């Protein structure tokens, strides 16, 4: 009885080892290595432009009175989302 339980445990342990992580394809790694410098080169001016536009808009929205035309909290949330998207990760091209 003990040998059957031990054999079952060993079999279950081996089944768990059979489906290991797959290595990425070589061409995907090559594209990632080649594309990352271009991503960074394009991300820097996009981030700088976003900061140059979002900063004054956030300050002006704070000074402006709330009106029915502009929701200042929604505007600042959208500016924050845009800055996170343009200045935040990913910094590497994913395959």
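Modelled spin-label separation between residue 69 and residue 81, with each label point placed 7 Å from Cα along the Cα-to-Cβ direction: 2.3 nm. The order of 71, 81, going from fewest to most other C-beta atoms within 10 Å of their C-beta, is 81, 71. For the range 27-95, relative contact order (Cα pairs under 8 Å, six or more residues apart, normalised by length) works out to 61 percent.
When each of 3, 32 is scored by the number of other beta-carbon atoms lying within 10 Å, the sequence from fewest to most is 3, 32. Cβ crowding within 10 Å ranks 2, 77 as 2, 77, fewest other Cβ atoms first. Note on the range 27-95: Rg/Rh from Cα positions, Kirkwood definition for Rh, rounded to two decimals, is 1.19.
We did not get these values from a lab; they are worked out from the coordinates using the rules stated. The structure presented is a predicted model; accordingly, all values stated were derived computationally and were not measured. Cβ atoms come from the backbone with ideal geometry, glycine included; neighbour counts cover every protein chain shown.
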